[in-house]
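In what follows, a single structure is set out as structure tokens and then discussed.
The values are calculated or read from the model by the stated rules, or taken from the named source; none is laboratory data. Remember, it's a predicted structure, so these values are computed and weren't measured experimentally. No Cβ is skipped: glycine too gets one built from the backbone with ideal geometry, and neighbour counts run over all protein chains shown.
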Amino acid sequence: MALTLLLCHCSFIVDPTTVKQNQSKIFAAGESSTGTPTDLMSQASIYQTGVTSFAAPFTRSLFGTTLSHQSSRSSRDSFAEEITEPTTGVTNIVSGLADVQRKHAEVREELSEADLDKIVDITLTESEMIWLLDITGTCASQETDEAEAIRAKNQKYTELCKARDGNDRYADRGMQTFNDAPKHKDVQTAKVEHMDAGSIATTWDLYDTYNNEVSEGTSTAEIIPEDAESDTFEAAENKSSSDVKNDSMGSKSGGSENKSSMLTSSSVDMDNTAEEQDKSKQEHSKARDEAILESEDLVKDLFVMERVVTLNIYQAKQAAYRGLDILPDIDAVKEETPEEQKNAPVDIAQLGPNLDRLWAYSCLLTKGRNVSCMAWNQLNPDLLAVGYGQFGFTEQKGGIVCCWSLKNPEYPERVFQCEAGVTALDYSLTNENLLAVGMYNGSVAIYNVRASSDEPILDSYESRGKHGAPVWQLQWIDKEKGSSGEEKGEILVSISTDGRVTQWQIRKGFECADLMKLKKLAKATKKKDKESKDGQKGEAFISRQASGLCFDFHSGDPNIYLAGTEDGHIHKCSCSYNEQYLDSYDGHTGAVYKLRWSPFLPDVFLSCSADWSIRLWIQNRIKPVFNFFSSTKSVMDVCWSPTSATVFGCVNEGAVEIWDLAVNTLDPIIVSVPAPGVKLSCLLFASNSNSLLVGDSEGQVSVYQLRNILSSKTIRLICCQISFIRPYQASEDHITTRMSCIASLLHSH
Amino acid sequence: MSSEVEDALKRIQHMKDVHGTIIINAEGTPVKTTLDDSTTLQYAALIHQLTATAKGTIREMDPQNDLTFLRIRSKKHEIMVSPEKGFMLIVVQNITEEK
């Protein structure tokens, strides 16, 4: 037998109008109970039939309780926890019942005839069932051992129920609960921390996150300082845990200990005290800062930044170098007065040919050193290699080679320190990163400009055939067909004061072979004895070797080259013959410092020497065609212009001179004198710009722009000039007349 | 600090019209500077924000792209910023007047 105390709580408000509903509900509940309807009915009937001896104290107690409970809803609420509506409960029902008991009578009195006829809407809703006590009944088979016992028990129980009414054993007793005075109790909790964490889901953030997930497994532990955003975000997200962080959202890869410890220190961590946190934070930030200053990226950035700042400073000059228009800065404050503005544009056009100094390559490193040679890079015509070395024997100090870039005239890109003064330089044609350097002590070294080390990749120190005297010129020659028939590719040719023209090859080591031993020639006193050997006729020599100072290979035929000596002789030689000269040119009375084939005319070459002159020669004429005397100082360097066939530049110790044969063969068209006390030492034309580079003894390489130089008709004119010369026989006496004829010819065109 | 870095910084600082150079770390606090404190802090904070916005703009258009250099030219100065992963290099140069 199961005892079930069912409660169907009804949603009602205790007021007269709904009491009828209650009544019906209770009845309905009673009918629909699935437990023991008899019990409920009996209860209901007990209540209904009025106050009985049994029920009265019950109801009284109920009443008391309900009265007391009506005031305080809390106990009702606590009793009936799961009930959604607060106005219900056991006591409520019971009270309802009790009220019904009382109010039922009251309502009956109040009902009028009209009310009885009214149609009242009754809403029946099923409500929650609350199980208060559920002792489920058990059934046992009649044939079990315990059946007898159970039957006996049941029998006993029924008799007990019957005998209960008037039995002495059962006494009714009322109980009253003590209503303790309510007490207020406050509980204080720590303030609930609220933190707003926001994130903007940007496209790049998503991209980064996906990428990081992919590369998570293969990432190496790097100490990567994080940016502020991810730091604070992670601090918000990972407050208490201390071992997370590798897969935080939107952050960098890495899982180094450093990183996680940084995060723990920077996050709001309950374990660390505030002091410890600060200390570790400081240390870590210091370490990070140090790391920044050591990083490779900073070096790269500084490099770029240097160039950017330089660009700002030199922008106008560099634009002029390139031949671009110089645009005025529209934001610059204009301080010119109206008078100046009128004068300025007129002057430039009226000046005539002139040199405009743009800037100078120089830095502290090169100060005080003599510029001895310059060479352009073959691949990138903006890169310039400059060699610094003293010319005199007594002034020797170490030499350096600086590779300058057009983009930064204030500091060279590469600096190579050499043990001896640098006297010759050349960039390779085929391997553009190889730079050959010739030095005052005769050694030849090859540097790799791309490599970060400062050591030469090849040195002639161990070669048996190395020079014993300063190497004055170096040139890389591209030989398609060498003298022995098997050489292909580039060779390096050098000439030095010890009288040998040597070719170097990079095969197993640094191999060298002599191309020519320069022998001294006696000065031609008689026409017949052009080549005298052994000193039988003419001067007696101490040493048969002539000192070589310069050479130049013919651009068309790489087998033929010219060599200039200290005696003033120029010899035409061939790589096939290393004993004899093909030709000797006689004219200079001093050491020949430079020889240059003309880039436009295949047979014409220039030479400059210490006898204050520059001479123009044609290949098949022993005597010079033109002699240029313009100063009383030895001419150190001469160079043809790459754009004009008749323009060449020369530099003597005191001035830079630009000659234009189409204009004037007696005087240079431009003479530019540098600052006093500075001796100029070498000259180079720029291939990609209308500019000229001049090196001086103070370590500066000045860049000048050539302006107002005519260059259009020159090729035609010089060809006419040559054709007129050829029919004439060379005679020293007629030089001046010939020159004037040619001059008149030129001017007439 | 490596000598290369020191030399390069010195060279930039002594270039014509360079007002100052600042290196700030990833959070925007200056690591090395040649200007006075208040100016440095101002520059650091403002440029940091601006660079972040610029970088966000570039990457928003194409996440595979990235900001490599930022130049702000004003009447008086030009601010050149080179942002990197963990730091930022800022150089302020006065505008040279062309004549």
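The sole residue among A:GLN378, A:GLN396 that is free of Cβ contacts under 8 Å to residues at least 60 places away in the same chain, farther than 17 Å from A:GLU306 by Cβ and more than 33 Å from the chain's Cα centre (by Cα) is A:GLN396. Going through (1) surrounded by 14 or more Cβ atoms within 10 Å (Cβ to Cβ); (2) facing chain A (nearest Cβ under 10 Å) one by one, B:ALA45 falls short only on (2).
Residues that are away from chain B (no Cβ under 14 Å), modelled with pLDDT of 80 or more and within 26 Å of B:LYS16 (Cα to Cα), at least 2 per element: which helices (runs of 4 or more DSSP H) completely within region A:266-380 meet that?
Counting at least 2 such residues, we get A:296-322.
Somewhere in region B:26-44, is a residue charged (D, E, K, R) and in contact with a Ser or Thr (Cβ under 9 Å, 6 or more places away or on another chain)? Can you show your working first?
Of all residues in region B:26-44, those charged (D, E, K, R) come to B:27, B:32, B:36-37.
Going one step further and asking which of them are in contact with a Ser or Thr (Cβ under 9 Å, 6 or more places away or on another chain), we end up with B:27, B:32.
Scanning region B:26-44 turns up at least one residue that is charged (D, E, K, R) and in contact with a Ser or Thr (Cβ under 9 Å, 6 or more places away or on another chain).
How about region B:30-59: which of its residues are in contact with a helix residue (DSSP H, G or I) (Cβ under 9 Å, 6 or more places away or on another chain) and closer than 17 Å to B:LEU89 by Cβ?
Taking region B:30-59 and keeping what is in contact with a helix residue (DSSP H, G or I) (Cβ under 9 Å, 6 or more places away or on another chain), we get B:30-35, B:48, B:52, B:55-56, B:58-59.
Correct list: B:PRO30, B:VAL31, B:LYS32, B:THR33, B:THR34, B:LEU35, B:HIS48, B:ALA52, B:LYS55.
The condition of being within 20 Å of A:SER285 (Cα to Cα), facing another protein chain (nearest Cβ under 7 Å) and either touching an Asp or Glu at 6+ places or on another chain (Cβ under 9 Å) or modelled with pLDDT under 90 (or both) holds for B:MET1.
Can you say whether A:GLY398 is over 16 Å from A:ALA436 (Cα atoms) and surrounded by fewer than 15 Cβ atoms within 10 Å (Cβ to Cβ), as far as the supplied structure shows?
Values: over 16 Å from A:ALA436 (Cα atoms): yes; surrounded by fewer than 15 Cβ atoms within 10 Å (Cβ to Cβ): no.
Judged against the criteria, A:GLY398 is not a match.
Give just the number: which of (1) over 30 Å from A:TYR207 (Cα atoms); (2) more than 9 Å from chain A (Cβ to nearest Cβ); (3) loosely packed, with under 13 Cβ neighbours inside 10 Å does B:LYS75 not satisfy? Among (1) over 30 Å from A:TYR207 (Cα atoms); (2) more than 9 Å from chain A (Cβ to nearest Cβ); (3) loosely packed, with under 13 Cβ neighbours inside 10 Å, B:LYS75 violates only (2).
Out of curiosity, is A:ALA424 among the hydrophobic types (A, V, I, L, M, F, W, C) and without any contact (Cβ under 8 Å) to a residue 24 or more places away in the chain?
Numbers: among the hydrophobic types (A, V, I, L, M, F, W, C): yes; without any contact (Cβ under 8 Å) to a residue 24 or more places away in the chain: no.
No: the conditions fail for A:ALA424.
Close Cβ contacts (under 8 Å, 6 or more residues apart or on different chains) running from residues in region A:183-203 that are assigned to a loop (DSSP other than H, G, I, E, B) to residues that are among the acidic types (Asp, Glu) comprise A:ALA197/A:GLU237; A:SER199/A:ASP205; A:THR202/B:GLU60. Looking at region A:460-470, which of its residues are surrounded by 17 or more Cβ atoms within 10 Å (Cβ to Cβ) and in contact with a strand residue (DSSP E or B) (Cβ under 6 Å, 6 or more places away or on another chain)? Answer for region A:460-470, where residues must be surrounded by 17 or more Cβ atoms within 10 Å (Cβ to Cβ) and in contact with a strand residue (DSSP E or B) (Cβ under 6 Å, 6 or more places away or on another chain): A:SER460, A:SER463, A:HIS467, A:PRO470. Of everything in region A:406-419 that's without any contact (Cβ under 8 Å) to a residue 40 or more places away in the chain and surrounded by fewer than 21 Cβ atoms within 10 Å (Cβ to Cβ), which residue is nearest to A:LEU311 (Cα to Cα)? Only one residue fits best here, namely A:GLU413.
Have a look at A:LEU616, A:LEU582 and point out the one that is within 54 Å of the chain's Cα centre (by Cα) and either hydrophobic (A, V, I, L, M, F, W, C) or at pLDDT 90 or above (or both). I'd like the intermediate steps shown before the answer.
Working: A:LEU582 fails: within 54 Å of the chain's Cα centre (by Cα).
Going through A:LEU616, A:LEU582 in turn, just one is within 54 Å of the chain's Cα centre (by Cα) and either hydrophobic (A, V, I, L, M, F, W, C) or at pLDDT 90 or above (or both): A:LEU616.
For A:ALA743, the conditions (1) at pLDDT below 50; (2) out of contact with any Phe, Trp or Tyr (no Cβ under 9 Å at 6 or more places or on another chain); (3) exposed (fewer than 15 other Cβ atoms within 10 Å of the Cβ) all hold with the exception of (3). Out of all the residues in region A:427-449, is one or more at pLDDT 80 or above, more than 41 Å from the chain's Cα centre (by Cα), closer than 30 Å to A:LEU582 by Cβ and buried (at least 16 other Cβ atoms within 10 Å of the Cβ)? Yes: one or more hits. Tell me, yes or no, whether region B:82-90 has at least one residue that is touching a residue at least 40 places away in the same chain (Cβ under 8 Å), surrounded by 18 or more Cβ atoms within 10 Å (Cβ to Cβ), at the interface with chain A (Cβ under 7 Å from one of its Cβ atoms) and aromatic (Phe, Trp, Tyr). Yes, there is a match, as at least one residue in region B:82-90 is touching a residue at least 40 places away in the same chain (Cβ under 8 Å), surrounded by 18 or more Cβ atoms within 10 Å (Cβ to Cβ), at the interface with chain A (Cβ under 7 Å from one of its Cβ atoms) and aromatic (Phe, Trp, Tyr). When restricted to residues that are buried (at least 17 other Cβ atoms within 10 Å of the Cβ) and more than 9 Å from every other protein chain (Cβ to nearest Cβ), region B:50-66 contains 1.
Does region A:545-576 hold any residues that are free of Cβ contacts under 8 Å to residues at least 40 places away in the same chain and within 13 Å of A:MET516 (Cα to Cα), and which are they?
Once the filter is applied, which keeps residues that are free of Cβ contacts under 8 Å to residues at least 40 places away in the same chain and within 13 Å of A:MET516 (Cα to Cα), region A:545-576 yields A:ILE560, A:SER574.
For region A:624-633, the criterion of being among the charged types (D, E, K, R) and assigned to a strand (DSSP E or B) is satisfied by no residue at all.
Selection of region B:18-39 for residues being more than 14 Å from every other protein chain (Cβ to nearest Cβ) and surrounded by 17 or more Cβ atoms within 10 Å (Cβ to Cβ) yields only B:LEU35.
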